[in-house]
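In what follows, a structure is listed as C-alpha cells, so that the remarks can point back to it.
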Amino acid sequence: MLLIRCPYCEEERPELEFRNGGQAHIARSTDIVQESAEAFERFFFIRDNPKGVIFERWRHIHGCGRFFNAVRDTITDKFHHTYKAGEPQPDLNELIAANEDRRMDEGRGDMPADQGPGSWANVPPDQINVAEPAADASKGDA
Amino acid sequence: MAEPASFRVSGKGRLGSKGANFTFDGASYQGVEGDTLASALLANGVHLVGRSFKYHRPRGILSAGAEEPNALVNIERDPSRKVPNVRATVQEIYPGLKAVSQNRWPSLAYDVGEVNNIASPMFSAGFYYKTFMWPKKAWEKFYEPKIRAAAGLGVAPDLPDPDHYSQRFAHCDVLVLGGGAAGIAAATAAAESGARVILCDEQADLGGALRFEAGAMVENKPAWDWAQEAIAKLAANDRVRVLPRTTAFGYYAQNFVALAERVTDHLASPNPGLPRERLWQVRAGRVVIATGAIERHMVFADNDRPGIMLASAARTYLNHYGVSVGRKVGVFTANDSAYQAAIDLKKAGTEIAAIVDIRPASEGDAVQQARALGIEVLSGHAVVKTGGRLRVSSMAVRSVNVGAERVIPVDALLMSAGWTPSVHLFSQSRGRVAFDEASQRFLPGTYAQACVSVGASNGTDRLEATLEEAYAAGEKAAKETTGGTKSAARPAGVSGEAFAGGMLGTTPGAENGTTVAAFVDFQNDVTAKDIRLAVREGMHSIEHVKRFTTNGMATDQGKTSNMHGLAIAAEVLGKDIPSVGLTTFRAPYTPVTFGTIVGHAKGELFDPTRRTPIHPWAEAQGAAFEDVGQWKRAWYFPRAGEDMHRAVDRECKTVRETAGLFDASTLGKIEVVGPDAAKFMEILYTNPWEKLEVGRCRYGIMLREDGFIYDDGVVGRLASDRFHVTTTTGGAPRVMNHMEDYLQTEFPDLKVWLTSITEQWAVIAVQGPNSRKIIEPLVEGIDISDAAMPHMSVREGRICGVPTRLFRMSFTGERGFEVNVPADYGQAVWEALWAEGQKYGACAYGTESMHVLRAEKGYIIVGQETDGTVSPYDAGLDWAIGKKKRDFVGIRGLKRSDLVADGRKQLVGLRTKNPRTVLEEGAQIVANPREPVPMTMLGHVTSSYWSENCGHSIALALLQNGRKRMGQTLWVPMPDGAIEVEVTGTVFFDPEGGRLNG
C-alpha cells in the first residue's frame, strides 16, 4: 500500500484514502464544440501508458475530497512529487535534480513527507543518509 | 511402522520431557512438546511421509524449515478444520494432533499412483502441452476432468472455515525480518539505540541457524544461549515487539511489509477468542533483512528416497530436537558444512558410513576433525545412485572420474551442495540481485528501498562478521529514523562456523546425456533431464524453462531448486549463470491462508449492507427484498398465497386504479448550491437550467464527454441558487465524483458547493389517481392543487409536522408525489401515509412493480436500457438536449461521426404476437430466424415484463434503425424456437399522458 502526500492536507496518507483519476494535464477545451475530430480523439481517447514517469491525477476521496496531481514512476511506484490541481506541470529534470539535493533532517517529527522512505528508491544502503550522496546515487534504473 | 521412540538421543536437544501423543495415518506416536511433526516422526524412525506430485515416488523429510518441498501432510483438527499441504517441518505437534499423508491411494506404502513412476519416461517436461492436444474435443470431456482428479496434492477442506483471522496495522522505526543471529543482533542494536523495533521469525524458537550450529560461541558462551538471553531482553523492552511463528511473506512499496503470524495452530485446545492467524501490515522506517540462507541438496540419481536429507536438517534434528535421523548415516557433500553434521552425529553415537566429498582434496579443519573421529572421508568421490524403496538402504559411490562402484549400506544420507542466500524479500522490495562470481551466488545488489541485508542473506559467512554487520545496520537504522546518537555495545568472545563454497548443478553420474532421475525440484518432480530437454526444445530463457518444466513453480517456489535449475540450463546453453538470468521472486514467500488475507471481511462484513429508514416496516409486512448495489430494496409485498407474479400484477393494477406507496429512499440525491449553481448544472446536464423557474422540476440527462448517457434523474429548483438533484440508486457516488471532478478541475472558478444528501432524506413515492387525496390531510403550508402545484413541481413545507421537500412527479405515468422527509422521520411519515392510503385501498409496491409501471410508460432505466454506448438520440431523448446550449459535458461527443451515423441501435417497444409470451431480457433480435448461425443480430431486448394493466406482455429493445422499423415483424430466436414480435413505440399505456396531470 502506497503512501501518498496530499498537497492540500500537507501530509502522507495511506493509499486506501485515495482514488486514481487517470492522466493529468489534459485540459478540456473552452470551446469544445468546435474541436476537430482529431483534437477530440486526443483529448478523450488517447492516453499515455509510459514505463517510467507519469503525470497523473489522484483524488483524496476519503479525506479532503480534493483532486490533485502527482508525478509517479510506474516502475518503482515512487512518487516524485504531488501538487495542487491547477498548478503548472513541473519540469521533470528540475524535479529529479531537486530530489538529489535533498537531505534527510535529523529529527523524525519534521521529516518532510517527500523525504520519507519512498524517496530513497534506488539509493544503495551505504549511501542512505549520507549527507552528500554520490553523484550517480539517485539515477537508479528508472 | 510404529517403533518405539528410539531415535531420541539422550542428552541432546533442547526440548523438555513433556510428552505429546499424536497420530500419523492412524498410527499413534509419541513426541515431545516443542517437536515439529517432522522431528517427532523422525524420533519414531518414520521417514516416509508423502508421495510425490507427479510420479508418486515415496518421499521423506528433506529439511527442517520453511523450504520443505516433500513432507506435506494434511492436519485434521476436526471435520471443519482440515488443512492440506502443511509442511511437517513447520507444524508443531500438540497432544492429539492428527496428521494424514497425501497423494496416495490406498496407503502410503502401497500407492497405485506409483505406476506413474514406472511410466515416467512418458511424463517428460512439457508432457501435458504435447499429449493432450488431440482429439481437440477430448480435452474438455475427458482429459481435463481426469487430470484434475489426479492432480493436486492435498484435499481442500469441504466445510466453511470456523476460525476467525485478525489483521493489524503496525508502525515501527526498524523492522527486522528473521530472528537468527543477525536479526537478533540488529534488533538489539536498534533497540539500544532508541528505536521502536519489530522482530519477526517464522520459527517457534528464535535463533535461526544457531539451532544447529553447536560450536558457535558469543560472549564466550554457546551462541544459542546468548541468543535466548538477547531475545528475553528484547521481549522485555516495551519498545520492541518480538513475533515468533511469524513469516514476512510480502515486501511492498515504501517499506510496507506483510507478516503472517500463526497464533493457534500449535495449540491443543486454542482459546476460541484467539484468531487462528494474524496479518500484520507493517510500515517501517527502515527494514533489516536477516533472512539467512537455505542449504541446497545434491543433484544425483535417486536423490529423493526417504532418508535422504539436507545435512543442516539432520544437524538441527540432532542438536535442537535431540533426534538422530538414522543409525548408519552416509554424507554426500560439496562443502564443509555437512562435515559438521557428521561430526555432531558421530559424537552423539551415530555411525557415519562415509563422507563422500565431491571436491578433489579437502583438508579444512572440519575434514581433519572428521578423520580424527575415525570417519571415512572419500574425497573426489560421488554418490551415483541409491538403493531402497520406502527408505534409502544404500549409496553407490565411485570416484568422480571413473572406477568401480562401491555400495555402502546406509539408512540415511545427508547432503549439502552449499548455501543459497535468501534474497527473496530483498528481491520483492524491487532491489536487484547481482551474481557474485567468486562465491557463485546471487547477492543483494542495487537497493530500491530503505532497507539493508545482513548476515547469510547478504553473503556474509562468518558469525563474527555477521554480528558486526548486523549491529552496525541496526544502530544505523535506529539513528536514521529516530535521530538518536546512542550506540549499542558489541558482544565479545565470538567464534563460529562458516559455510562458504559448494556447487551448482548435477554431480557425476547425472551429467548431461544421462537418463537417471536426479531431482532438482522435489515438489514438482522436475529432474535435471527435464531441464536439459526444455533447453533442447528451444526454451532458452530461464522464465521459459521454468514454465515448461514447472521447476520452482510449486508452493515452495523453488527454495532449494532454483539455483540448480539455473546452473543446469546454463550448462546446456553454454552460457554463464548471470546471462541466463534469475526468475522473479514474488510474494508470498511461503503459502499464506486465504483466511489471513481476508481477515474479517467475510460473510456479513464482506460488504456494508445499506437499509432505508422504511426497511423495518417493509420487513414486518413480509416484503421480499432484492440487492441493488449495497442496498436492500423491497422487491414486492406478497399477500397470503401470492407468488411474485401475482403480487406484482396486483400491485401494478392497484397503483393505476387507486394508489400505491413506494420507498424511493435509495435514490441518489445531491444538493447543488451557490451563486453559479445554474451555470454548473448547464455544464453537467444536457438540459437548459438557467430558465427553470424556482419551484419547478426537470428530467435531466448527464452524459460523459463521449456523448453516451451516464446518469439521469429529476432535478428540482428550490431557489435560484439551490438545486435538489436526484440520481440513479447505483450511480450516486460516481455522479458525485464526476461533478466534483468538473467543479474542481475544469470549472474551479464557479461558486458552487456540492453535498451528498442521499442518506439525509427518506423518499416516499405516492403514486396513482388517489395520491393527492392521500397526502392532502398530512401536508401543511403547501397548496397541492393541480393548479397551484402541477406535474413537475417542487415545494417546501411540512408533512406530519416535519419538514418536507414535496415533489409532484411520476415514474409511473400516474399523478404522483415524492415526499422527501428527514431520514429519521421516514418510517413515521410512511406509516401516516399508509394509514391514509388504507382509506383508498392503496398498496405498498416494490421495485419489481416499479419496473413494470415505468416500462408500461417507456421510461428508461440507466444501466438497463443503456449500457454506456447509448446516446440520448438512441434512447429517444433528443427533447432533453438544450439545442441552444453552447457547452455541456458530451456536446462534442454527440457530434462524433459514429453517433450521428445511420444504423445505430435505437430504443423501441416490442409486442409479442402471442400476447402471453414474455421475452427474455438480453435475447437477440433477428429478421430471419431461418438464417444459418451466426445470424445477423439486429439488437436485443433490454426490458421485458408481463403487464397486467395492458393485458399483454411488453418489452423494450435496442434495435438497429429501430425507429424506421415501426410495425415490422421480427424474431427473437430462443432454444425452443423463434418468437415472433412486432416493433412498436415505447409507450404501452396511456400514450397521451393524460393521467400524469390527474
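Checking B:Arg8, B:Arg77, B:Arg51, B:Arg57 one by one, the residue that is of a type outside the set (Gly, Ala, Ser), free of Cβ contacts under 8 Å to residues at least 24 places away in the same chain and either under 23 Å from B:Glu213 (Cβ atoms) or in contact with a strand residue (DSSP E or B) (Cβ under 8 Å, 6 or more places away or on another chain) (or both) is B:Arg77 and no other. For the range B:699-736, the tally of residues that are more than 14 Å from chain A (Cβ to nearest Cβ) and assigned to a strand (DSSP E or B) stands at 20. Annotation note: Cβ proximity below 9 Å between a residue of the range B:416-430 that is modelled with pLDDT under 95 and a residue that is crowded, with 24+ Cβ neighbours inside 10 Å and of a type in the set (S, T, N, Q) (sequence gap 6+ or interchain) occurs for B:Ser429/B:Gln449; B:Arg430/B:Gln449. Among the residues of the range B:549-564, is any open to solvent by 50 Å² or more (accessible area, probe 1.4 Å) and in a helix (DSSP H, G or I)? Within the range B:549-564, none of the residues are open to solvent by 50 Å² or more (accessible area, probe 1.4 Å) and in a helix (DSSP H, G or I).
Please count how many residues of the range B:867-884 are part of a helix (DSSP H, G or I) and open to solvent by less than 70 Å² (accessible area, probe 1.4 Å).
2
Does the range B:740-755 contain any residue that is buried (at least 18 other Cβ atoms within 10 Å of the Cβ), within 14 Å of chain A (Cβ to nearest Cβ) and closer than 21 Å to B:Pro822 by Cβ? Yes, there is a match, as at least one residue in the range B:740-755 is buried (at least 18 other Cβ atoms within 10 Å of the Cβ), within 14 Å of chain A (Cβ to nearest Cβ) and closer than 21 Å to B:Pro822 by Cβ. Does any residue of the range B:178-191 turn out to be without any contact (Cβ under 8 Å) to a residue 24 or more places away in the chain and out of contact with any strand residue (DSSP E or B) (no Cβ under 6 Å at 6 or more places or on another chain)? No. Cβ separations smaller than 6 Å between residues 6+ apart or across chains give the following pairs from the range B:663-691 residues that are at positive phi to residues that are among the basic types (Lys, Arg): B:Gly674/B:Lys751.
Looking at the range B:339-392, the strands (runs of 3 or more DSSP E) lying wholly inside it that each contain 3 or more residues that are surrounded by 23 or more Cβ atoms within 10 Å (Cβ to Cβ) sit at B:351-357, B:381-387. Across the range B:477-527, the qualifying residues are those that are of a type outside the set (A, V, I, L, M, F, W, C), within 14 Å of chain A (Cβ to nearest Cβ) and open to solvent by less than 40 Å² (accessible area, probe 1.4 Å), and the one among them that is nearest to B:Val197 (Cα to Cα) is B:Thr481. The residues of the range B:528-548 that are within 26 Å of the chain's Cα centre (by Cα) and either open to solvent by less than 40 Å² (accessible area, probe 1.4 Å) or polar (S, T, N, Q) (or both), listed by number, are B:Lys546, B:Phe548. On the basis of being in contact with a Lys or Arg (Cβ under 7 Å, 6 or more places away or on another chain), within 14 Å of another protein chain (Cβ to nearest Cβ) and modelled with pLDDT of 90 or more, does B:Gly474 make the cut? When the stated conditions are applied, B:Gly474 does not pass them. Answer with yes or no whether B:Val862 is open to solvent by less than 20 Å² (accessible area, probe 1.4 Å) and at pLDDT 95 or above. When the stated conditions are applied, B:Val862 does not pass them.
Go through the residues of the range A:71-80 one by one and say whether even a single one is open to solvent by 80 Å² or more (accessible area, probe 1.4 Å), over 24 Å from B:Leu743 (Cβ atoms) and at pLDDT below 95. No, the range A:71-80 has no match at all.
Within this structure, B:Val433 fails the test of being closer than 28 Å to B:Asp556 by Cβ and surrounded by 22 or more Cβ atoms within 10 Å (Cβ to Cβ).
Pick from the range B:277-293 the residues that are surrounded by 22 or more Cβ atoms within 10 Å (Cβ to Cβ) and more than 14 Å from chain A (Cβ to nearest Cβ): which of them is nearest to B:Phe594 (Cα to Cα)? Going through the qualifying residues, I end up with B:Glu277. Against the list (1) in contact with a strand residue (DSSP E or B) (Cβ under 7 Å, 6 or more places away or on another chain); (2) farther than 30 Å from B:Gly893 by Cβ; (3) at the interface with another protein chain (Cβ under 8 Å from one of its Cβ atoms); (4) of a type outside the set (Phe, Trp, Tyr), the condition A:Asp77 fails is (1).
Among strands (runs of 3 or more DSSP E) entirely within the range B:565-683, having at least 2 residues that are open to solvent by less than 40 Å² (accessible area, probe 1.4 Å) and either farther than 30 Å from B:Gly841 by Cβ or of a type in the set (D, E, K, R) (or both) singles out B:668-673.
Please report, ordered by residue number, the strands (runs of 3 or more DSSP E) entirely within the range B:934-978 with at least 2 residues that are of a type in the set (Phe, Trp, Tyr).
Ranges flagged: B:939-947.
So A:Phe45 ticks every box in (1) of a type outside the set (Val, Ile, Thr); (2) in contact with a helix residue (DSSP H, G or I) (Cβ under 8 Å, 6 or more places away or on another chain); (3) open to solvent by 30 Å² or more (accessible area, probe 1.4 Å); (4) more than 7 Å from every other protein chain (Cβ to nearest Cβ) but one. Which box is left unticked? Result: A:Phe45 passes all but (2). Is there a residue in the range A:53-66 that is in contact with an Asp or Glu (Cβ under 6 Å, 6 or more places away or on another chain), open to solvent by 70 Å² or more (accessible area, probe 1.4 Å), more than 21 Å from A:Gly86 (Cβ to Cβ) and more than 9 Å from every other protein chain (Cβ to nearest Cβ)? The answer is yes; a qualifying residue exists.
The set of residues from the range A:1-35 being facing chain B (nearest Cβ under 10 Å), of a type in the set (S, T, N, Q) and open to solvent by 50 Å² or more (accessible area, probe 1.4 Å) comprises A:Thr30, A:Gln34. Do the conditions hold for B:Asp225, that is, is it over 21 Å from B:Phe499 (Cα atoms), modelled with pLDDT of 95 or more and touching a Pro at 6+ places or on another chain (Cβ under 8 Å)? Here the answer is no, as B:Asp225 does not meet what is asked. Restricting the range B:885-914 to residues that are part of a helix (DSSP H, G or I) and among the hydrophobic types (A, V, I, L, M, F, W, C) leaves a set whose member that is most open to solvent (accessible area, probe 1.4 Å) is B:Val900. Checked against (1) more than 28 Å from B:Met415 (Cα to Cα); (2) assigned to a loop (DSSP other than H, G, I, E, B), B:Glu511 passes all but a single condition, namely (1). Of everything in the range B:305-333 that's outside any helix (DSSP H, G or I) and hydrophobic (A, V, I, L, M, F, W, C), which residue is surrounded by the fewest Cβ atoms within 10 Å (Cβ to Cβ)? Here the answer is B:Val329.
The values are calculated or read from the model by the stated rules, or taken from the named source; none is laboratory data. Just so you know, these numbers come straight off a predicted model, no measurement behind them. Note that each Cβ is placed from the backbone with ideal geometry, even for glycine, and that neighbours are counted across all protein chains shown. Side chains are part of the model used for accessible areas, which takes the heavy atoms of the whole protein and leaves out ligands, DNA and RNA. Shrake-Rupley method; radii C 1.70, N 1.55, O 1.52, S 1.80 Å.
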